Amino acid sequence: MTKGVKPGFCLCYLQPIHAGRVFMSDRTYYVTTPIYYPSDKLHIGHAYTTVAADCIARYRRMRGDDVFFLTGSDEHGQKIERKARENGIDPQSYVDPIVRSFQELWKRLLITNDDFIRTTEPRHEKAVQVLFQKLYDKGDIYKSFYEGKYCTPCEAFWPERQLVDGNCPDCGRPVEHVKEESYFFRLSKYQDRLLDYIEENPDFIQPASRRHEMVNFIKSGLDDLSVSRTTFQWGVPVPFAPGHVVYVWFDALVNYLTALGWQEGDQRFEHYWPHTVHLMAKDIVRFHAVIWPAILMAAEIPLPRTVFGHGWLLLEGGKMSKSKGNVVDPLVLLDRYGVDAVRYYLLRELPYGGDSYYSEDDLVDKINADLANDLGNLISRTLGMVQKYQDCVVPEAGVPHGPDSDLINCARQVKDELEQQLDRLDFSNALAAIWKLVRRANRYVDETAPWNLVKDAGKKERLQTVLYNLSETVRMLSVWCSPFMPVFPGRVFEQFGIAGRLDLQSWESTAQWGLLPAGLQVEAGPGVFPRIQPEDEQEPPRPTKPQITIDDFARVDLRVALVKSVEKVKGADRLLKLELDLGSETRTVVAGIAEHYVPDALVGKRVIVVANLAPVKLRGIVSSGMILAASDGDRLGVLTVEREIPPGALIK
Ligand code: MSP
């Protein structure tokens, strides 16, 4: 997968510069996630980084910026080699299906990466060798002997003095003693240049807390780094030293260059580097903010614009990890709650730079409170009132009055705040900003009480203004939510009949209040965020009814019926009267579905009718039959036939 480069569109700078200032004006973005180890399937913690990166990539594209978004897999190293051996297969066969599972997960999460890099690809291995050789030729890589500690799960070398109780200071697990010939990178040589760089570019490492940690780490003294291993084989061979493979972190970091075609004369490298935002959790900031920039300095390649280290999603008992057995499978959550809800939860939950505890109860609470109650209700109330009070047509706004200007000002302020928060990668507060308008708009509904305005013919224009303002608010909210939740906004645009109007879905279109055209025909549809019943409130499973024979079933005459017309039954809020074509005859059926369907939505559908049900009289109308529907208490859906089977056909 490659992405076209528009020649001449480069607004880039040749040198890395003060990121905080550049962030706002530079229009080129290279967004990266860490490349994950295919030692096991990914959990919800990994999903966080990729969803965050996707959100920023989508947002930047919506702003008209030029974005290249990369993720991938980090396939070499001792950990993978061991895992494969434990499973009795070669490392490549071990990682291949796991890497496929990464790619499938990203598809399910609607991740819009432009490329997926695997460190076992020839394009990558070549780039690693070129860089290694370059640093060796320059004298920045030299041969020596390593004796010290190594944490295999973290693939990290540790000097004795940095161990905590003899264990890895990062993950707390036991380290191994390693004693072997090794090539070293002169990391110590770059200590002062790194400190100067970080001081001159205070936004290089974000948030500030991470920068302080890194500065202290560097000041405590940098040892030269062992960058080759001889005691296992699963890695990129050192080009000039048979028996040595490149240290997996050196190998992995180079992926960011490989994917842009560095060394292959690819324009993308010139174009996107160094306009880079490297996203990751705090555990690997040290590799990206110390080792990586030092390697780049040695190779005389400009440094990335931003290294951003977010916090961890924790479980009771600490960080999620397969070895602790406390992981949460994102696929299970996606099946249960859908992609928008999972993405919303992740992006809202983790505070800027900080940690948070995951719990499914919390996830359900957030879906119910923020999505179903606040946002979902606002959308369905707005669309429902336009249908009910305006015959499904978005009305024209009249003169602003009462709380109108406050609502409109709130929308303006929210847009500014949202952009500021997204510029600093504060996803949680960006969503909090959007919700200020969601709450303001719900209050506006209560303040203006359209259900009272509709009763007073003199308040017609006022009612129209209120419903217009709510519709415009829902449009803007849908635009702003789309980098976070890519599915529901599309449904809202469809219901407003503006699915093809990209001009009304663009970020720019929210800079001006009132672009939603009056006169649009609104369509009925199911609510965008149904409430989740917490498990303890769920209805107990109903036992099935006593068994029947096929002959018993055959006594029920089920037929396909084409809905010709539908109207409300006067004086009965819940009833609709349907005229049905059964092929050889026409029937009238009264159904209790008016709360779930506007009449027009059913016309032309092929429903299923119980044709030999004894007629009953409902509100003076004889109902000859019953149409079938499924319901879970809150929601209801009429059963329809998928193909154009002629009316009157038997259901068997
Ligand atoms: N392969 C290296 C990265 C090389 S990048 C050049 C690696 N892989 S990893 O599979 O262990 O992924 C670590 C990253 O996954 C973290 O930095 C973070 O982005 C993400 N997360 C893993 N667990 C997480 C949480 N529990 N919470 C938040 N992020 C999590 O390190």
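On the accessible surface of the chain, probed at 1.4 Å, how many percent belong to carbon and sulfur atoms? Before the final figure, lay out the partial values.
On the way: 14530 of 29250 Å².
Here it works out to 50 percent.
Over the chain, with the other protein chains present, what is the accessible area per residue in square angstrom, probe 1.4 angstrom? Working shown, then result.
On the way: 29250 Å² over 652 residues.
Roughly 45 Å² per residue, with all protein chains present.
Using +1 on the beta carbon of Lys and Arg, -1 on that of Asp and Glu, and nothing else charged, what's the dipole of the range 339-511 about the Cα centre, debye to 20? Before the final figure, lay out each step's value.
Values: 19 positive and 26 negative charges, 120 e Å.
Here the size comes out at about 580 debye.
Anything over 26 Å Cα to Cα? Flag those among LYS415/LYS460; LYS41/LYS179; LYS83/LYS179; LYS83/LYS189; LYS568/LYS617; LYS41/LYS219, in the order listed. Mind showing how you got there, number by number?
Working: LYS415/LYS460 31 Å; LYS41/LYS179 32 Å; LYS83/LYS179 22 Å; LYS83/LYS189 36 Å; LYS568/LYS617 16 Å; LYS41/LYS219 37 Å.
Going by Cα-Cα distance, LYS415/LYS460; LYS41/LYS179; LYS83/LYS189; LYS41/LYS219 fall outside the 26 Å limit.
Name the aspartates and glutamates eligible as straight-distance cross-link partners of LYS564: C-alpha to C-alpha under 14 Å, and not fewer than 8 places from it in the same chain.
Those aspartates and glutamates meeting the cut-off are GLU579, ASP581, GLU585, ASP600.
Reachable lysines from LYS366, Cα under 16 Å, same-chain residues fewer than 8 places away excluded?
Within the straight-line limit of under 16 Å, LYS366 reaches these lysines: LYS436.
Towards the positive end of the charge dipole of the range 9-327, with charges on Cβ (+1 Lys, Arg; -1 Asp, Glu), say which of LEU105, TRP262, MET214 has the farthest Cα.
With unit charges placed on the Cβ atoms, the residue in question is LEU105.
About the Cα centre, and with charges only on the beta carbon of Lys, Arg (+1) and Asp, Glu (-1), how big is the dipole of the chain? Nearest 20 debye, please.
Values: 78 positive and 88 negative charges, 260 e Å.
Result for the chain is approximately 1260 debye, rounded to the nearest 20.
Tell me which lysines have Cα within less than 21 Å of LYS459's Cα, excluding those fewer than 8 residues away on the same chain?
LYS388
Sequence-distant or interchain residues sharing an amide H contact under 5 Å with LEU315, placed H: which?
MET320, TYR358
In the chain, if the dipole is taken from +1 on Lys/Arg beta carbons and -1 on Asp/Glu beta carbons about the Cα centre, which of TYR197, ILE284, LEU378 is farthest to the positive end?
LEU378
Taking amide hydrogens as modeled 1.01 Å from N in the peptide plane, which residues meet the under 5 Å criterion relative to TYR29, leaving out close sequence neighbours?
Placed amide hydrogens put ASP66, VAL67, PHE68 under 5 Å from TYR29.
Antiparallel as a % of all DSSP beta bridges within the chain, to the nearest 5? Present the calculation step by step, with values, prior to reporting the outcome.
On the way: 50 of 73 bridges.
Close to 70 percent.
In degrees between 0 and 90, to the nearest 10, how far off the longest principal axis of the chain does helix 44-62 point, with axes built from Cα atoms?
Between helix and principal axis, roughly 80 degrees.
Between the helical axis of 91-108 and the dominant principal axis of the chain, each derived from Cα atoms, what acute angle in degrees is found, rounded to the nearest 10?
40 degrees
Helix 460-481 sits at what angle to the longest principal axis of the chain, using alpha carbons and giving 0 to 90 degrees rounded to 10?
For helix 460-481, the angle is close to 30 degrees.
The values are calculated or read from the model by the stated rules, or taken from the named source; none is laboratory data. These figures come from a predicted structure and were not determined experimentally. Positions of Cβ are generated from backbone atoms using ideal geometry, with glycine treated the same way; all protein chains shown enter the neighbour counts. We work out accessible area using only protein heavy atoms, side chains counted, and drop any ligands, DNA or RNA first. Shrake-Rupley method; radii C 1.70, N 1.55, O 1.52, S 1.80 Å.
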